[in-house]
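Colleague: Please find one structure pasted underneath; my questions will follow.
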Amino acid sequence: MSANIIIIDYGMGNLRSVQKAFEKVGFSATITNEHSIIKEASHIVLPGVGAFGDAMQNLNSLGLVELLNTQILEHKKLFLGICLGMQLIAQKGYEFGEHNGLGWIEADVKRFKDGPLKVPHVGWNSVDFNNPSPLFKEIPNHSDFYFVHSYYFDTPPKHVIGYSNYGIEFACAIQKENIFATQFHPEKSQTYGLKIIKNFAQMTKESIC
Amino acid sequence: MLKHRLIPCVLLKNWQLVKSIQFGSFRTIGHPTATVRIYNARNVDELIVLDIDASLNNEPINTEIITDMANECFMPLTIGGGIKTIEDVYTVLGAGADKVCINSEAIKNPAFIKEIATIFGSQCVVCSIDIKKVAGNYRVFNKKDGLLEIDPIELAKEYERQGAGEILLTSVDHEGTTLGYDIELLKLFKDTLHIPIIINGGMGKPQDGVEALQNGADALAAAYIFHFTQYTPQMIKEELKKSNYSVRIL
């Protein structure tokens, strides 16, 4: 069965660039927030640029929180969260107040402390793969990826598959069974970023769970 | 570790990418999408494209060609030229750009920077300042209005206060000359800003990049060296690495 990849449209940013990254590696992906289409998906991608609270509010108002919980936690569909889409799977976010996240991973999303390093953390930074994951298949350890963020994912090591360092060491890639997420932008990280997109698209539920 | 970036900075004119020499005598580099594909293959770290038809000739922003380039660009893409309103920013980002580069409009109205940063975030705004040296003093230069009685350092500080994410400094005198970056200018800027400085204008050999980083540049923009010399982005980065600067090498 070929992959049916859905990119969740919830009004938060660079959906088209994620879509064209899938196209570049030979897959098509549909941008939508229609429940009936999302239910048919094999792969669900949650990208996002913007603020945590706004994002959760948008997901809620589109009825997507319950739908995603069912599709990801019960039906174990393959999930990829990118940037804000990774942060949203935490329990709580502290951007402009305290907000509940999807709560799939034990984590809080906190702001980098100001000074001496500049916030946001923007640019190419290396990622240390501390645990093997099919997401990083055929990608050399310590490769560089493109980051843009002011908040980081504070989580126990259990589900962390990649760390980066910006003043502090922080988790920048996660895998928990069928749930994958990256703080960096694979769609903007050229060769190895596109490889991550391809690795994800080529996975099957059976190969992971 | 965060890396120093090497960024092609090219101009869009009559549906072609071009390179200027001291802001005049344009030389064609190639077709936009083909050129972006090559940059992508060569793993440059970002790309800046300035639409001079839109900025100088008041033509509408060429969203068709921006979309075509963005479709080939799997690295961050900054687009500038003729961006005057928040609607323009929406248009350019909607076409696939990741950041906008603002020059003339910010000189007229620095609060425009704040407006963009509030809606899209500081990481989205690059402020471009063109600088010319006259009688020993550096002054802001504008392509339309010519030399202005504005101190570039004061202008850069104002942009930072307004929420700019990065400053692109272009030396008009060095631009397209391969004489090396304007190091004297960089020395004046050193330790004055808390946001990254991208230096532009004059890179003719890899060692010029080393010298710029030694003197306070955070990132290097260039064009001539990529198209009219024997040096590749990879060779430049290897030279930077030899001098112990962290760069992304594949």
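The values are calculated or read from the model by the stated rules, or taken from the named source; none is laboratory data. Fair warning: this is a prediction, and the values are worked out from it, not measured in the lab. All Cβ positions, glycine included, derive from the backbone under ideal geometry; neighbour counts span all protein chains shown.
Colleague: Could you check how many residues of the range B:117-138 are among the aliphatic types (A, V, I, L, M) and within 14 Å of chain A (Cβ to nearest Cβ)? Explain how you work it out, then say what you get.
Modeller: Our first condition is that a residue be among the aliphatic types (A, V, I, L, M); within the range B:117-138, this holds for B:117, B:119, B:125-126, B:129, B:131, B:134-135.
Pick out the ones that are also within 14 Å of chain A (Cβ to nearest Cβ) and you get B:117, B:119, B:125-126.
Final tally of qualifying residues: 4.
Colleague: For the range B:177-203: of the residues being of a type in the set (S, T, N, Q) and touching a residue at least 60 places away in the same chain (Cβ under 8 Å), which is nearest to the other protein chains (Cβ to nearest Cβ)? It would help to see each step written out before you state the result.
Modeller: Narrowing the range B:177-203 to residues of a type in the set (S, T, N, Q): B:177-178, B:192, B:200.
In the following step, the residues that additionally are touching a residue at least 60 places away in the same chain (Cβ under 8 Å) were identified as B:177, B:200.
Details: B:THR177: 28, B:ASN200: 17 Å.
Once the filter is applied, the top-ranked residue is B:ASN200.
Colleague: Under the condition of being β-branched (Val, Ile, Thr) and over 22 Å from A:HIS185 (Cβ atoms), which residue from the range A:60-118 is surrounded by the most Cβ atoms within 10 Å (Cβ to Cβ)?
Modeller: First, the residues of the range A:60-118 that are β-branched (Val, Ile, Thr): A:65, A:70, A:72, A:82, A:89, A:105, A:109.
Now restrict to residues that are over 22 Å from A:HIS185 (Cβ atoms): A:65, A:70.
On the way: A:VAL65: 17, A:THR70: 13.
Filtering the range A:60-118 for residues that are β-branched (Val, Ile, Thr) and over 22 Å from A:HIS185 (Cβ atoms), the one surrounded by the most Cβ atoms within 10 Å (Cβ to Cβ) comes out as A:VAL65.
Colleague: Check B:LYS99, B:LYS114, B:LYS108 and return the single one that is charged (D, E, K, R), farther than 17 Å from B:GLU59 by Cβ and within 14 Å of chain A (Cβ to nearest Cβ). Before the answer, list the steps.
Modeller: On the way: B:LYS114 fails: within 14 Å of chain A (Cβ to nearest Cβ); B:LYS108 fails: within 14 Å of chain A (Cβ to nearest Cβ).
Result: B:LYS99 is the single residue among B:LYS99, B:LYS114, B:LYS108 that is charged (D, E, K, R), farther than 17 Å from B:GLU59 by Cβ and within 14 Å of chain A (Cβ to nearest Cβ).
Colleague: What is the residue count in the range A:87-130 for residues that are within 30 Å of B:ILE249 (Cα to Cα), within 14 Å of chain B (Cβ to nearest Cβ), among the charged types (D, E, K, R) and in a loop (DSSP other than H, G, I, E, B)? Break it down stepwise before answering.
Modeller: Pass one, the range A:87-130, residues within 30 Å of B:ILE249 (Cα to Cα): A:87, A:111-130.
Imposing the further condition that a residue be within 14 Å of chain B (Cβ to nearest Cβ) reduces the set to A:111-112, A:114-128.
In the following step, the residues that additionally are among the charged types (D, E, K, R) were identified as A:111, A:114, A:118, A:128.
Then drop every residue that is not in a loop (DSSP other than H, G, I, E, B), which leaves A:114, A:118.
Qualifying residue count, the range A:87-130: 2.
Colleague: Kindly establish whether A:ASN165 is part of a loop (DSSP other than H, G, I, E, B), over 22 Å from B:ALA70 (Cα atoms) and touching a strand residue (DSSP E or B) at 6+ places or on another chain (Cβ under 9 Å). Before you say what the answer is, go through the steps one by one.
Modeller: Numbers: part of a loop (DSSP other than H, G, I, E, B): no; over 22 Å from B:ALA70 (Cα atoms): yes; touching a strand residue (DSSP E or B) at 6+ places or on another chain (Cβ under 9 Å): yes.
So A:ASN165 fails the test.
Colleague: List the number of the failed condition for A:GLN175; all other conditions in (1) of a type outside the set (Lys, Arg); (2) under 17 Å from A:ILE82 (Cβ atoms); (3) within 10 Å of another protein chain (Cβ to nearest Cβ) hold.
Modeller: Of the numbered conditions (1) of a type outside the set (Lys, Arg); (2) under 17 Å from A:ILE82 (Cβ atoms); (3) within 10 Å of another protein chain (Cβ to nearest Cβ), the odd one out for A:GLN175 is (3).
Colleague: Take the range A:169-191 and flag every residue that is outside any loop (DSSP other than H, G, I, E, B), closer than 16 Å to A:VAL18 by Cβ and of a type in the set (Phe, Trp, Tyr).
Modeller: A:PHE180
Colleague: Turning to a different aspect of this structure: For the range A:192-209, what are the residues that are crowded, with 19+ Cβ neighbours inside 10 Å, part of a helix (DSSP H, G or I) and more than 14 Å from every other protein chain (Cβ to nearest Cβ)?
Modeller: A:ASN199, A:PHE200, A:ALA201
Colleague: Pick from the range B:174-192 the residues that are surrounded by 20 or more Cβ atoms within 10 Å (Cβ to Cβ) and part of a loop (DSSP other than H, G, I, E, B): which of them is modelled with the lowest pLDDT?
Modeller: Step one: of the range B:174-192, the residues surrounded by 20 or more Cβ atoms within 10 Å (Cβ to Cβ) are B:174-176, B:181-182, B:185-186, B:189.
Narrowing the set further to residues that are part of a loop (DSSP other than H, G, I, E, B) leaves B:174-176, B:181-182.
Numbers: B:HIS174: 96, B:GLU175: 93, B:GLY176: 90, B:TYR181: 98, B:ASP182: 98.
Step by step, filter the range B:174-192, then rank; the result is B:GLY176.
Colleague: Within the range B:1-49, take every residue that is more than 14 Å from every other protein chain (Cβ to nearest Cβ) and at positive phi and give me the one that is surrounded by the most Cβ atoms within 10 Å (Cβ to Cβ).
Modeller: B:PHE23
Colleague: A follow-up question, please. Check whether at least one residue in the range A:68-80 is in contact (Cβ under 8 Å) with a residue 24 or more places away in the chain, assigned to a loop (DSSP other than H, G, I, E, B) and under 18 Å from A:TYR163 (Cβ atoms), and report yes or no. First the steps, then the outcome.
Modeller: Step one: filter the range A:68-80 for residues in contact (Cβ under 8 Å) with a residue 24 or more places away in the chain, giving A:68-69, A:71-73, A:76-80.
Applying the additional criterion that residues be assigned to a loop (DSSP other than H, G, I, E, B) yields A:76-77.
If we keep only those that are under 18 Å from A:TYR163 (Cβ atoms) as well, we get none.
No, every residue in the range A:68-80 fails to be in contact (Cβ under 8 Å) with a residue 24 or more places away in the chain, assigned to a loop (DSSP other than H, G, I, E, B) and under 18 Å from A:TYR163 (Cβ atoms).
Colleague: Say we look at the range B:115-145 and pick out the residues that are in contact with a strand residue (DSSP E or B) (Cβ under 9 Å, 6 or more places away or on another chain) and part of a loop (DSSP other than H, G, I, E, B); which of these is surrounded by the most Cβ atoms within 10 Å (Cβ to Cβ)?
Modeller: B:GLY121
Colleague: Same structure again: For the range B:76-103, which positions are among the polar types (S, T, N, Q), surrounded by fewer than 24 Cβ atoms within 10 Å (Cβ to Cβ) and at pLDDT 95 or above?
Modeller: B:THR85, B:ASN103
Colleague: Looking at the range B:217-250, which of its residues are touching a residue at least 24 places away in the same chain (Cβ under 8 Å) and assigned to a loop (DSSP other than H, G, I, E, B)?
Modeller: At the first step, the residues of the range B:217-250 found to be touching a residue at least 24 places away in the same chain (Cβ under 8 Å) are B:217-229, B:231-240, B:243, B:245-248, B:250.
Of everything in the range B:217-250, those that are touching a residue at least 24 places away in the same chain (Cβ under 8 Å) and assigned to a loop (DSSP other than H, G, I, E, B) turn out to be B:ALA217, B:ASP218, B:ALA223, B:THR229, B:TYR231, B:THR232, B:SER243, B:TYR245, B:SER246, B:VAL247, B:ARG248, B:LEU250.
Colleague: Does B:GLU160 meet the test of being within 27 Å of B:LEU77 (Cα to Cα) and either within 14 Å of chain A (Cβ to nearest Cβ) or of a type in the set (Phe, Trp, Tyr) (or both)?
Modeller: When the stated conditions are applied, B:GLU160 passes them.
Colleague: Looking at the range A:141-168, which of its residues are surrounded by fewer than 23 Cβ atoms within 10 Å (Cβ to Cβ), facing chain B (nearest Cβ under 9 Å) and out of contact with any His (no Cβ under 8 Å at 6 or more places or on another chain)?
Modeller: Hits for the range A:141-168 are A:SER143, A:ASN165.
Colleague: Can you pull out the residues in the range A:13-62 that are farther than 19 Å from B:CYS124 by Cβ, touching a strand residue (DSSP E or B) at 6+ places or on another chain (Cβ under 6 Å), part of a helix (DSSP H, G or I) and of a type in the set (A, V, I, L, M, F, W, C)?
Modeller: Correct list: A:PHE22, A:ILE38, A:MET56.
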